[in-house]
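> Encoded as structure tokens, here's the structure I'll be asking about.
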Amino acid sequence: MKVSVFGLGYVGCVTAGCLGREGHEVIGVDVVASKVEKLAAGRPTVVETGLDDLIGEAHQQGRITATTDGMAAVLASNASIICVGTPTGPDGNLDLTALRQTAQLIGQAIREKMDRHVVILRSTVPAGTAESVVLPVLHPERPASHLYQDSDLVVVPEFLREGCAISDYYGPLFVVVGSAMGKPDDNQEVVQGLFGGVTDRLRWVSFREAEMLKGVCNAFHALKVAFANEVGALSSALSIDGQSLMAQFVQDRKLNISPAYLRPGLPFGGSCLPKDLRMIVQIAARAGVDLPLMRGILASNEAHLKRAIEAVPKNGHARIGLNGLAFKAGTDDLRESPIVLIAEHLIGKGYDVKIHDPAIRSSLINGTNQDYIQRHIPHLSGRMVHNVEELIHHSDVLVIMREDDQLLEAILESGKQPIIVDLRGQNHILKRLTEARKRSMAAGKHAVKESLIVGAT
């Protein structure tokens, strides 16, 4: 395939070299003449392990050329990959000037071509850039409502680390492809031809998700570095070997180094996380060690609790149902449960709140947690209902705190249509209720309207 790569900095040069090695014909494009001269002579524009040989070999085989003429490069290629820099501006926002100019140039060239030309955005950009900046500039002749139709733009973020970029290119954990509709489209053949050889699975998502992923990954990497450094600083103050402590920490691959807890949803609570976090912060304060990251975790949790409360619609809907009360399903532990705080806030605002939690009902009957309930939340025990049918019958607004198949089926059976707010942030409920709705309609039963389902967090 013939590919033009715009921007011959770190990402562009590595991408050009790897594509050339795979047999593609690459035209490197840059406004900086010295970069073009280097690549045209078979030399890389950046220092990176193994890149000299990669570029030199592809150049000897006639697979890499370079030019400052972007129009000619587009006309001579089947696809263009945008790798131009997006540096941080004086105000902290990314400077998209080079990206906008490049997209405009490619758009002008595309309008002179008869064949389809796929544009691949690889530069790091804020979420929303493809649809608000790149597409309108590529196709200024199209009305905004038509930009997504047969879109020739995809977003393929790069995850290349300096020093091991080539191995990262050929051994990615995933290759995400952002498209206009969030699924494979008419650009699939080109994308598969360029990137399908380095992974057995291309993951198609929306433009915004693909754009956001790169920033989120790097933010998490920064978070891990900062966390380890705070642990090291506190350990040093307490005469503990921080390196040894963290070496033990990473042995836990079930919770510490794993997908555990990395799902948007309710704030954390319970008897362990808040208590132990406060203990760490207090120990640090006594030792004179400032831990701004760990101090900020509780503030972040409070902010998320506020978002969860604000997600519950309160305009004229006085009767609210919660399917859960304990901080975790399958337990009757109410200590620092965010659901208790949500319930108390709604009750304090005058709403008629009912709650269904089988574990709490059992605790009240058997007395296992009765003392805590009577001392701390006696006003909530009287709001418990016996079953999900009673909860649904009561509710104008049903707030989902748990994964509950029985509740979803009961909603369909009831024929009632409460507003549903999913505070778990997983967005599975919309899909599952839509599927259940189709089954119920086929069986002639009542159905839940999709318009009455809203997500949160």
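> Exposed loop chymotrypsin sites (Phe, Trp or Tyr not before Pro) only (DSSP loop, at most 16 other Cβ atoms within 10 Å): please give the longest stretch of the chain free of them, not including the sites. Each step should come with its number before you reach the end.
Numbers: sites that count: Y148, F159, F174, Y261.
After excluding every exposed loop site, the longest remaining stretch is 262-457.
> Still on this structure, please answer the following. Which of the aspartates and glutamates could a cross-linker span from K416 if the Cα-Cα distance has to be under 20 Å and same-chain partners fewer than 8 positions apart are dropped?
Straight-line reach from K416, under 20 Å: D352, E389, E390, D396, E403, D404, D405, E435, E450.
> Which loop GluC sites (Glu not before Pro) in the stretch 134-240, with loop taken from DSSP, have no more than 14 other Cβ atoms within 10 angstrom of their Cβ? Walk me through the numbers before you get to the answer.
Working: sites: E141, E158, E162, E189, E209, E211, E230; in loops: E141, E158, E162.
Qualifying residues, ordered by number: E141, E162.
> Rolling a 1.4 Å sphere over the protein heavy atoms, what is the accessible area per residue of the stretch 164-288, to the nearest Å²?
Values: 7520 Å² over 125 residues.
For the stretch 164-288, the solvent-accessible area averages 60 Å² per residue.
> Hey, any idea what % of the chain's accessible area is carbon plus sulfur with a 1.4 Å probe?
C and S atoms contribute 53 percent here.
> Still on this structure, I have one more. For R201 and I240, compute 0.36 nm times the residue count separating them, minus their Cα-Cα distance, and round to one decimal in nm. Could you put the intermediate results ahead of the total?
Working: separation 39, 0.36 × 39 = 14.04 nm, distance 4.42 nm.
Residue separation times 0.36 nm, minus the Cα-Cα distance, leaves 9.6 nm.
> Averaged per residue, what accessible area in Å² does the stretch 1-134 show with a 1.4 Å probe, protein chains only? It would help to have the intermediate numbers written out before the result.
On the way: 5760 Å² over 134 residues.
For the stretch 1-134, the per-residue accessible area is 43 Å².
> Right, another one. Whole angstrom only: what separates the Cα centroid of the stretch 78-99 from the Cα centroid of the stretch 193-248?
23
> Work out, step by step, the length gained on full extension between R307 and E57: first 0.36 nm times the residue separation, then minus their alpha carbon distance; give nm to one decimal. Kindly include the intermediate steps, with their values, before the conclusion.
Values: separation 250, 0.36 × 250 = 90.00 nm, distance 5.51 nm.
Here the segment from R307 to E57 would lengthen by 84.5 nm.
> Give me the one-decimal Kirkwood hydrodynamic radius in Å for the stretch 295-343, with the sum taken over alpha-carbon pairs.
Radius from the Kirkwood sum: 12.2 Å.
> Can you give me the three principal axis dimensions of the stretch 261-354 from its C-alpha atoms, in Å, biggest first?
So the three principal-axis extents are 51, 28, 25 Å.
> Report Rg (one decimal) and Dmax (nearest whole number) for the stretch 107-217, counting Cα atoms only, units Å.
Taking only Cα atoms of the stretch 107-217, I get Rg and Dmax of 14.2, 44 Å.
> Which three semi-axes in whole Å describe the equivalent ellipsoid of the chain, each the square root of 5 times a Cα gyration tensor eigenvalue, listed largest first?
51, 31, 18
> When the helices in the chain are scored as -39500 (n - 2.57) per DSSP H run of 4 or longer and the sum is shared across all residues, what 222 nm value do you end up with, to the nearest 500 deg cm²/dmol?
On the way: 19 runs with 203 residues, N = 457.
Value at 222 nm, helices only, nearest 500: -13500 deg cm²/dmol.
> Subtract the Cα-Cα distance of C164 and E413 from 0.36 nm times their separation in residues, and report this length gain in nm to one decimal.
Values: separation 249, 0.36 × 249 = 89.64 nm, distance 5.67 nm.
The C164-E413 span can extend by a further 84.0 nm.
> Enter the accessible area of H59 (Å², nearest 10), with the probe set to 1.4 Å and all protein chains included.
It works out to around 60 Å².
> Going by amide H atoms built from the backbone, whose H comes under 5 Å of the H on D357, apart from near neighbours?
Under 5 Å from the amide H of D357: V385.
> Take the Cα gyration tensor of the stretch 47-119, multiply each eigenvalue by 5, square-root it, and list the three semi-axes largest first, rounded to whole angstrom. All intermediate terms of the calculation are to be shown ahead of the outcome.
Numbers: eigenvalues 122, 102, 15 Å².
Here the semi-axes work out to 25, 23, 9 Å.
> Taking only complete DSSP H runs, can you tell me which helices of the chain stretch 30 Å or more along their own long axis by Cα positions and average at least 0.0 on the Kyte-Doolittle scale?
207-237
> Hey, rough spin-label estimate for V225 and D276, points 7 angstrom out along Cα→Cβ, what's it come to in nanometres?
Result: 2.6 nm between the two label points.
> When all C-alpha to C-alpha distances in the stretch 1-145 are sorted into bins of 5 Å, what percent of pairs does each bin hold, rounded to whole numbers?
Reading upward from the zero bin: 2, 11, 20, 22, 19, 13, 8, 3, 1, 0.
> Could you pull out the pairs from K214/K328; K113/K183; K2/K38; K214/K314 whose alpha carbons sit more than 29 Å apart here? It would help to have the intermediate numbers written out before the result.
On the way: K214/K328 31 Å; K113/K183 26 Å; K2/K38 20 Å; K214/K314 36 Å.
Pairs exceeding 29 Å: K214/K328; K214/K314.
> Hey, any idea what the orientation-averaged projected area of the convex hull of the stretch 177-303's Cα atoms comes to, in nm²? Let's see the in-between values first.
Details: hull surface 42.7 nm².
Computing the convex hull of the Cα atoms and averaging its projections yields 10.7 nm².
The values are calculated or read from the model by the stated rules, or taken from the named source; none is laboratory data. Treat the numbers as computed from the prediction; the structure is a model and nothing was measured. For neighbour counting, all protein chains shown are included, and Cβ atoms are generated from backbone atoms with ideal geometry for every residue, glycine included. Heads up: the accessible areas ignore ligands, DNA and RNA and are worked out on the full protein's heavy atoms, side chains in. Shrake-Rupley method; radii C 1.70, N 1.55, O 1.52, S 1.80 Å.
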